[in-house]
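The values are calculated or read from the model by the stated rules, or taken from the named source; none is laboratory data. Computed from a predicted structure; not experimentally measured. Here the Cβ positions follow ideal geometry from the backbone for every residue, glycine too, while neighbour counts run over all protein chains shown. In case anyone asks, the SASA skips ligands and DNA or RNA and just uses the protein heavy atoms, side chains included. Shrake-Rupley method; radii C 1.70, N 1.55, O 1.52, S 1.80 Å.
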Amino acid sequence: MTNAQLTRYDRRMQEIMNRREAAPLYATAGRRRVLVAVHVLMTAATVTAGLVADVGGSMVAMWVMLALVLPWCIATGAINASTRGLLELRRRALDERQRAERSEVLARAHRITTGLLFAAAGAVIGYGLAGGSTGRPALMALVAGVIAHWLMPMWVAGLRAQDEPDDE
């Protein structure tokens, strides 16, 4: 699709996704792996703090969750920038190579998430067979599964992103 056929929104999103201010955070494959790992850990910490705040009514957990939101958003933006908006841009704003890459990322993320959901279901069933009450563990597994399903494509895309070519 030519740039003339893109909407103003599409052009603006391309501009945002191709900004390079955060490039030092994801310039190399090693840095991207660290960025994705930090994002996974911040996601887990945020969700855990939210669940603790909900279950136990802990104000400390609520403040921890709120304190993690801004760095989590910055890391999310850096991962999206490292992929040049592969998952955020509309299909019409992507070229054929990017469309194929997005399809591969989504397929791989789907396979990983499916495995995680089977493992979570098995853990909840095993906990129930061991005599535990499965209400709260099932809810926690469901929340974790939904969040993993939502974020896994971004994590996979961040890990698969290629280094920028060197300037000649």
Requested in this report: Looking at (1) open to solvent by less than 70 Å² (accessible area, probe 1.4 Å); (2) free of Cβ contacts under 8 Å to residues at least 40 places away in the same chain, find the lone condition where Glu101 falls short.
Outcome: (2)
Query raised in the report: Would a scan of the range 38-58 turn up a residue that is open to solvent by 70 Å² or more (accessible area, probe 1.4 Å) and farther than 24 Å from Ala148 by Cβ?
Result: no
Report summary line: Checked against (1) under 15 Å from the mean Cα position of the chain (by Cα); (2) within 22 Å of Leu51 (Cα to Cα), Arg160 satisfies every condition except (2)
**Report entry** Glu164 vs. criteria within 30 Å of Arg31 (Cβ to Cβ), at pLDDT below 90 and either of a type in the set (D, E, K, R) or surrounded by 13 or more Cβ atoms within 10 Å (Cβ to Cβ) (or both)
**Finding:** yes
Query - Any pair with Cβ under 7 angstrom, 6 or more apart, that starts in the range 121-144 at a residue that is under 21 Å from Thr48 (Cβ atoms) and touching a residue at least 40 places away in the same chain (Cβ under 8 Å) and ends at one that is part of a loop (DSSP other than H, G, I, E, B) and open to solvent by less than 40 Å² (accessible area, probe 1.4 Å) - result: none
Report summary line: Contact list, first residue from the range 78-98 and outside any loop (DSSP other than H, G, I, E, B), second anywhere and open to solvent by 80 Å² or more (accessible area, probe 1.4 Å) and of a type in the set (Asp, Glu), beta-carbon distance below 8 Å, six or more apart or interchain, is Asn80/Glu88
Query raised in the report: When you look at Gly115, is it under 18 Å from the mean Cα position of the chain (by Cα), small (Gly, Ala, Ser) and modelled with pLDDT of 95 or more, yes or no?
Result: yes
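Here is a yes/no grid of residues against (1) open to solvent by 80 Å² or more (accessible area, probe 1.4 Å); (2) farther than 30 Å from Asn18 by Cα:
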| position | (1), (2) |
| --- | --- |
| Arg90 | yes, no |
| Ala107 | no, no |
| Thr114 | no, yes |
| Ala130 | yes, yes |
| Gly135 | no, yes |
| Ala148 | no, no |
Report task. Please report, ordered by residue number, the helices (runs of 4 or more DSSP H) entirely within the range 1-62 with at least 2 residues that are under 12 Å from Ile79 (Cα atoms). Result -> 23-26, 29-56
Report summary line: Ala109 meets each of (1) touching a Phe, Trp or Tyr at 6+ places or on another chain (Cβ under 8 Å); (2) modelled with pLDDT under 90 with one exception, condition (2)
